[in-house]
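The values are calculated or read from the model by the stated rules, or taken from the named source; none is laboratory data. As the structure is a prediction and not an experimental result, all values here were calculated from the model. Backbone-built Cβ (ideal geometry, glycine too); neighbour counts: all protein chains shown.
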Amino acid sequence: MTKREVSMLDKKTLRRVVREKIAGIDFATARVRSSLMCEELKRLFAVSGAKVVALFSPLGDEPQLCPLVEQLSASLSVVLPRVEGDVMNFYRYDKEAMATGSYGINEPQWGCLVTASEIDVMVIPGVAFTKEGVRMGRGKGFYDRYLSQDGFSALKIGVCYREQLVDEIPAEPHDVKMDVVIYR
């Protein structure tokens, strides 16, 4: 999508256009691309020396990181988000604590709360990204509020399918930019 096309779209329209694009990705292709993203993420975690890694439980149209959660939890402290009213908090991953929660997302139902300052690297989903790190989420602002907390200093990695990359996103002052965007 060109800058001119994006500049003519508002966020709601851009979300619809990008969702239509990713709806065309078949299951096998999404699985292969997700696997490639997981491998790249593991390399980044190793280079960064991260001890606490925040991941997410994917919705159906997001990169499937579930295998990464299991793999990393053997050697790192993996934390996952849980929506609690208007806020999102992160809890240490425990397979037994996982259940469907807010918005139909698999979330920890109990466990050790982790503060924003304890997280070394955070992997973040989005509806669309630019290569420069501008991110557009689903519109509720959970990640932007979390990333703006005092004490949060983790490396921010956006992940998406290449169909979710756009030249420009109409950003607002509260939108938090990613440090890295991984796409396949």
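Observations, loosely collected:
- Entry remark, the range 77-87: residues being more than 19 Å from residue 101 (Cβ to Cβ) and at pLDDT below 95 number 0 in total.
- Single condition residue 125 does not satisfy, out of (1) in contact with a helix residue (DSSP H, G or I) (Cβ under 9 Å, 6 or more places away or on another chain); (2) surrounded by fewer than 17 Cβ atoms within 10 Å (Cβ to Cβ); (3) closer than 21 Å to residue 22 by Cα: (2)
- Looking only at the range 132-176, and only at residues there that are of a type in the set (Lys, Arg) and more than 12 Å from the chain's Cα centre (by Cα), the one that is surrounded by the fewest Cβ atoms within 10 Å (Cβ to Cβ): 162
- Filter result for residue 81 (assigned to a loop (DSSP other than H, G, I, E, B), within 23 Å of residue 121 (Cα to Cα) and touching a residue at least 40 places away in the same chain (Cβ under 8 Å)): no
- The residues on offer are 158, 133, and the sole one that is modelled with pLDDT of 95 or more and at positive phi is 133.
- Selected residue [more than 22 Å from residue 165 (Cα to Cα) and in a helix (DSSP H, G or I)] from 46, 99, 74: 46
- Residues (outside any helix (DSSP H, G or I) and farther than 14 Å from residue 165 by Cβ) located in the range 16-43: 24, 26
- Which numbered condition residue 61 misses (of (1) part of a loop (DSSP other than H, G, I, E, B); (2) among the acidic types (Asp, Glu); (3) touching a residue at least 60 places away in the same chain (Cβ under 8 Å)): (3)
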